[in-house]
Amino acid sequence: MSEQSRLSVFKTYKLYVGGKFPRSESGRVYEVTDSKGGSWLANAPQASRKDARDAVVAARKAFGGWSGATAYNRGQVLYRVAEMLEGRREQFVREVAEAEGLSKSKAGAAVDAAVDRWVWYAGWTDKIAQVVGGANPVAGPYFNLSTPEPTGVVAVLAPQDSSLLGLVSVLAPVIATGSTAVVVASEAAPLPALSFGEVLATSDVPGGVVNILSGRTAELATPLASHQDVNALDLTGASVDLARTLEEAAADNLKRVRRPAPEDWSTDPGTSRLTAWLETKTVWHPIGV
Amino acid sequence: MAFEYAPAPESRSVVDLAPSYGLFIDGEFTDAADGTVFKSVSPSTEEVLAEVARAGEADVDRAVKAARKAFTSWSALPGAERGKYLFRIARIVQERSRELAVLESLDNGKPIRETRDVDLPLVAAHFFYYAGWADKLSYAGYGPDPKPLGVAGQVIPWNFPLLMLAWKIAPALAAGNTVVLKPAETTPLSALFFADVCRQAGLPRGVVNILPGYGDAGAALVAHEGVDKVAFTGSTEVGKAIARTVAGTDKKVTLELGGKAANIVFDDAPIDQAVEGIVNGIFFNQGHVCCAGSRLLVQESVQDEVLDALKRRMATLRVGDPLDKNTDIGAINSPEQLARITALAEAGEAEGAQRWAPACELPSAGYWFAPTLFTGVTQAHRIAREEIFGPVLSVLTFRTPAEAVEKANNTPYGLSAGIWTEKGSRILSMANKLKAGVVWANTFNKFDPTSPFGGYKESGYGREGGRHGLEGYLDV
């Protein structure tokens with residue numbers, strides 16, 4: 001038997017837009033290195049403003065179907081994401097360990113938490129409306145009901161430090177309630193996010209519901225923050241200075257903005273990331289015979 | 001047949017107007033730091049009602065400091081005690097409601113029928129509603145012990161001066177915040193009378209501060225670093241400027257901005273009821289309503305029937321003295337607003353829409369605009385896209401429900417919408433698809449303190465009213 005070791009097959013990392021895996025239209029890539037030693041891991045696509053706009057178009061196109069799906073159906077799909085991620089646990093433990101310079105066991109804990117986070121949000125899809133909506137006892141003969149509705153297309157700057165668990169923690173609540181997402185992955189550690197696109201593609205998540213871009217956060221966030229067809233902006237992965245500039249740009253069409261804040265991805269996520277992307281609609285109708 | 005009505009004026013003697021009013025800071029009426037004053041004018045007669053101190057940057061600073069100082073003890077009060085102050089305020093508003101209604105009609109120009117039957121009852125109801133929340137915040141769904149934010153800087157418009165004050169102040173105080181509120185420059189008086197209500201209620205000094213003034217005072221308030229929360233009701237343009245100002249800060253913001261609501265009438269709608277709803281939708285409060293049903297979308301097959309009935313009904317609307325109990329449509333709030341309405345109506349004609357208004361005699365003094373409708377309006381016309389904020393209705397038609405949804409949603413606004421049909425499943429399907437924060441089905445322009453109000457898209461964010469209205473004033 002030959003002792004010669006087999007030469008491994010590298011993966012070409014690609015964007016995930018509209019359910020497909022394109023390279024950046026710009027043809028650009030950038031080097032991604034291991035967070036510890038600085039050794040080369042892969043070339044990631046360096047997405048352009050045009051890629052960001054294409055992603056918004058894909059997200060808008062997917063919004064009608066996804067927001068119109070039943071909450072039960074969205075829950076099933078999110079649970080399927082957890083199943084698919086669990087099945088590729090080993091791959092993600094390796095990628096997260098390299099990306100974040102973690103030990104195998106710590107990376108394993110992060111991946112497990114990411115799987116569990118999908119399960120948590122899968123369970124929320126058909127409960128949040130009962131928790132935040134309801135009948136209002138108006139002083140008159142009227143039926144009056146408030147229900148939460150998804151805000152639309154949400155641009156998400158994923159956290160820079162937590163390449164998978166952080167990404168999942170900001171993405172899952174956006175799509176749980178029926179919005180669609182354009183996510184900018186961690187700039188220095190985009191590989192787990194790009195691989196995660198492959199999980200989504202095999203999880204019954206309709207194409208365009210989640211779009212994942214890698215590249216320079218500021219370069220991609222700028223056109224997203226000023227895009228007139230983006231409804232909301234999650235600045236979690238933005239620096240303080242960048243966040244201010246982006247929030248100013250977002251004012252132009254009054255995007256709903258979530259500002260960056262210190263985060264601990266290991267704690268109970270609560271509901272604030274669900275409600276951040278919800279609109280309350282209140283319907284009145286007279287009561288009479 | 002035309003009915004003749006004898007004048008039935010409400011007596012203005014219930015209002016004791018002083019010649020001049022100060023700013024209300026730290027429990028005292030005071031002059032502006034630089035001594036500036038402005039005049040508040042009755043839009044129905046152009047009579048000067050009173051001279052009012054005009055707040056500037058130094059006054060904003062003084063008021064915010066007073067509110068900050070008061071915050072420590074106000075937020076530390078047991079919720080039940082805060083609630084009792086609000087209950088007192090609600091009761092005093094009820095006791096003084098006729099006086100406040102007449103005052104509001106004088107200063108704003110809106111009919112006494114509306115201030116007496118809509119504005120004032122809702123003002124009292126808002127304080128009553130949020131009073132009850134003050135000691136129940138831990139049950140509101142925002143965690144076991146939600147905290148107030150601090151000082152709320154609030155800027156309100158002139159269309160419902162006292163009601164917008166109530167929407168702002170009641171939840172802010174219930175949650176344990178203190179307040180600096182700037183009323184609009186054309187309608188400062190009811191807020192200053194409210195300051196007196198606070199004094200009668202024994203509200204601790206500095207908890208509510210009222211700063212009459214112009215946009216510069218509002219901008220200074222929003223930008224002040226001692227303000228933790230900004231609440232604004234007004235134009236989308238100013239709302240965007242506020243969103244830019246607070247970018248990068250920790251300030252929490254809620255914005256209630258403009259609208260261009262579609263009021264959709266299907267062929268199976270009860271026509272007479274729909275016509276009443278259309279009239280209420282656009283002519284209530286002279287159309288000075290952000291959620292006004294300013295675009296009538298009528299199904300093509302009933303267009304003639306609806307428009308004939310609507311014109312007959314419009315011909316019976318009585319325009320004139322706001323204090324006359326028979327008046328349906330009062331005065332336009334200011335010459336600036338009248339000029340804006342006039343310019344947009346002229347643009348409607350210039351762009352090819354057909355203008356119609358009933359024969360209607362307008363008073364010689366004051367600012368007036370006859371109830372007007374435009375037919376032959378397309379989605380490209382300015383009168384279909386821009387908020388007119390006056391008694392001007394743009395009529396468009398549709399054939400299918402899908403077309404109605406598409407036209408209704410074809411606007412950067414998303415505050416409200418109306419649906420008129422007898423078919424329940426169609427109501428629910430339309431309500432699902434309309435991008436609007438409030439949907440009135442077979443009714444219009446209904447408000448209640450328990451019912452969340454606020455918009456999608458460029459109509460702003462956050463909700464006022466109901467349990468939802470607490471969120472904007474809690475650190476959650």
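The values are calculated or read from the model by the stated rules, or taken from the named source; none is laboratory data. If you're wondering where the values come from, they're calculated on a predicted model, not measured in any experiment. For neighbour counting, all protein chains shown are included, and Cβ atoms are generated from backbone atoms with ideal geometry for every residue, glycine included. Surface areas here come from the heavy atoms of the whole protein model, side chains and all, with no ligands, DNA or RNA. Shrake-Rupley method; radii C 1.70, N 1.55, O 1.52, S 1.80 Å.
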Once the Cα gyration tensor of chain B is diagonalised, semi-axes √(5λ) in Å: 37, 26, 20
Computed helical MRE - 222 nm, chain A, DSSP H runs ≥ 4 contributing -39500 (n - 2.57), nearest 500: -13500 deg cm²/dmol
The stretch A:29-286 - percent of accessible surface contributed by carbon and sulfur, probe 1.4 Å: 53 percent
Ordering of A:209-220, A:74-85, A:7-18 by burial proxy (mean other Cβ atoms within 10 Å per residue, highest first): A:209-220, A:74-85, A:7-18
Inter-site label distance for residue A:289 and residue B:147 at 7 Å from Cα along Cβ, in nm: 5.5 nm
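Are there chymotrypsin sites (Phe, Trp or Tyr not before Pro) in the stretch B:1-72 that DSSP marks as loop and that have at most 16 other Cβ atoms within 10 Å, and which are they?
B:3, B:5
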Rounded to 5, percent antiparallel among DSSP beta bridges of chain B: 30 percent
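Evaluate peptide A:142-149: per residue, the Cβ atoms of other protein chains within 10 Å of its Cβ; return the mean as an integer.
4
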In the stretch B:344-391, GluC sites (Glu not before Pro) in a DSSP loop with at most 10 other beta-carbon atoms within 10 Å: B:361
Threshold 40 Å² - residues in the stretch A:211-257 whose accessible area is reduced by that much or more when the chain is no longer isolated, probe 1.4 Å: A:244, A:247, A:248, A:251, A:252, A:254, A:256
DSSP-assigned coil residues among GluC sites (Glu not before Pro) in the stretch B:399-476, each with at most 13 further Cβ atoms within 10 Å: B:422
Order by protection proxy (mean Cβ within 10 Å, highest first), peptides B:72-83, B:120-131, A:148-159: A:148-159, B:120-131, B:72-83
Bridge type composition, the stretch B:262-441 - antiparallel percent by DSSP, nearest 5: 10 percent
Spin-label model distance (nm) - residue A:12 vs residue B:76, 7 Å beyond Cα toward Cβ: 6.8 nm
Two-site FRET efficiency, residue A:204 against residue B:8, from Cβ-Cβ distance with R₀ of 60 Å, rounded to 0.05: 0.35
Potential lengthening between residue A:239 and residue A:112 on full extension [0.36 nm per residue; Cα-Cα distance subtracted]: 43.0 nm
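Could you work out the relative contact order of chain B, using alpha carbon pairs under 8 angstrom and six or more residues apart, expressed as a whole percent?
18 percent
Compute the projected area of the convex hull of the Cα atoms of the protein assembly as shown, averaged over all viewing directions, and report it in nm² to one decimal place.
Across all orientations, the protein assembly as shown yields a mean hull projection of 35.5 nm².
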Under-5 Å amide H pairs with residue B:414, H placed in peptide plane, nonlocal only: B:260, B:456, B:458, B:459
Under 9 Å, Cβ to Cβ, from residue B:177 - net charge with Lys/Arg +1 and Asp/Glu -1: 0
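With every protein chain kept in place and ligands, DNA and RNA left out, what is the accessible area per residue of the stretch B:262-441? Probe 1.4 Å, answer in Å².
Result: 36 Å² of accessible area for each residue.
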In the A-B interface, the accessible area buried, summed over both sides, Å² (probe 1.4 Å): 2900 Å²
Local electrostatic count, residue A:35, Cβ distance below 14 Å [Lys/Arg +1, Asp/Glu -1]: -4
Net charge over other residues, Cβ less than 13 angstrom from the Cβ of residue A:231 (K, R count +1; D, E count -1): 0
Accessible area per residue, Å², the stretch A:29-286 with all protein chains present, probe 1.4 Å: 37 Å²
Helix runs (DSSP H) in chain A reaching 20 Å along axis by Cα, Kyte-Doolittle at least -1.0: A:49-68, A:71-87, A:104-124
Global geometry of the stretch A:38-129, whether rounded, prolate or oblate, following the gyration tensor of its Cα atoms and the 1.5 cut on a/c: oblate
Residues whose placed amide H lies under 5 Å from that of residue B:256, excluding near-sequence neighbours: B:232, B:233, B:234
Relative contact order (percent, whole number), the stretch B:57-189, Cα cutoff 8 Å, 6+ residue spacing: 33 percent
For the stretch B:211-228, 3J(HN,Hα) per residue [Karplus equation, 6.51 cos²θ - 1.76 cosθ + 1.60, θ = phi - 60°, Hz, x = Gly/Pro]: 10, x, x, 9, x, 5, 5, x, 5, 5, 5, 4, 7, 4, 6, x, 9, 9
Dipole-positive endmost among A:9, A:142, A:251 within the protein assembly as shown (Cβ charges, Cα centre): A:9
Inter-site label distance for residue B:272 and residue B:354 at 7 Å from Cα along Cβ, in nm: 2.7 nm
Gain upon complete extension [residue B:16, residue B:237; 0.36 nm per residue less C-alpha separation]: 75.9 nm
Fraction of accessible area attributable to carbon and sulfur, chain B (%, probe 1.4 Å): 51 percent
Centre separation in Å (Cα based) which lies between the stretch B:102-161 and the stretch B:186-248: 14 Å
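Can you pull the mean other chain C-beta count within 10 Å for peptide A:262-271?
Counting other chains' Cβ atoms within 10 Å and averaging over A:262-271 gives 1.
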Estimated FRET transfer efficiency when R0 is 35 angstrom, pair residue B:51-residue B:429 (beta carbons, to 0.05): 0.05
Complex-versus-alone comparison for the stretch B:441-461, residues with a loss of 10 Å² or more in accessible area, probe 1.4 Å: B:441, B:442, B:443, B:446, B:448, B:450, B:451, B:452, B:456, B:457, B:458, B:461
Theoretical ellipticity at 222 nm over chain B - DSSP helices of four or more residues, -39500 (n - 2.57) apiece, nearest 500: -11500 deg cm²/dmol
